[in-house]
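Asks: Okay, handing you the structure first.
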Amino acid sequence: QVQLVESGGGLVQAGGSLRLSCAASVRTFSIYNIAWFRQAPGKEREFVAGVNWSGVTGPYADSVKGRFTVSRDNAKKTVYLQMNSLNPEDSAAYYCAATLSRISGSAGSYPHWGQGTQVTVSS
């Protein structure tokens, strides 16, 4: 069973930065492709960024390109999302998700999800 736990969310002013972490408990973490999604109140869950099992990053949502960077450390079984130049439109619950399939922008492609971490950006 794959368990994912996100952390690092919080309240930040516009223009600030946060780094989210997604820690996995599964022994075979290094074979999973990982994606970050986010969901704002009243909106659908949207794909943010992905990183494959070997550390190749991408794609990124157009709305975060150049500001967000995804990375992973397989030895620590952790995936990170560095978020810079945050703006109020980035406010959402952020989720990491794992799949053995290819990185996809569709939430339905991911059978394993964390519980989410809230990011709030004030103007």
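The values are calculated or read from the model by the stated rules, or taken from the named source; none is laboratory data. Just so it is clear, the model here is predicted, and its values are computed rather than measured. Backbone-built Cβ (ideal geometry, glycine too); neighbour counts: all protein chains shown. Note: accessible area is taken over every heavy atom of the protein model, side chains too, but ligands, DNA and RNA are not part of it. Shrake-Rupley method; radii C 1.70, N 1.55, O 1.52, S 1.80 Å.
Asks: Quick one: in segment 94-119, which of the residues that are closer than 25 Å to Q13 by Cβ and in a strand (DSSP E or B) is most open to solvent (accessible area, probe 1.4 Å)?
Replies: Residue satisfying both the conditions and the ranking: Q118.
Asks: State all residues of segment 57-91 that are loosely packed, with under 15 Cβ neighbours inside 10 Å, under 16 Å from Q39 (Cβ atoms) and not acidic (D, E); if no residue qualifies, say none.
Replies: Listed by number, the residues that qualify are S63, P88.
Asks: Scan segment 46-56 residue by residue and report those that are open to solvent by 50 Å² or more (accessible area, probe 1.4 Å) and under 12 Å from the mean Cα position of the chain (by Cα).
Replies: E46
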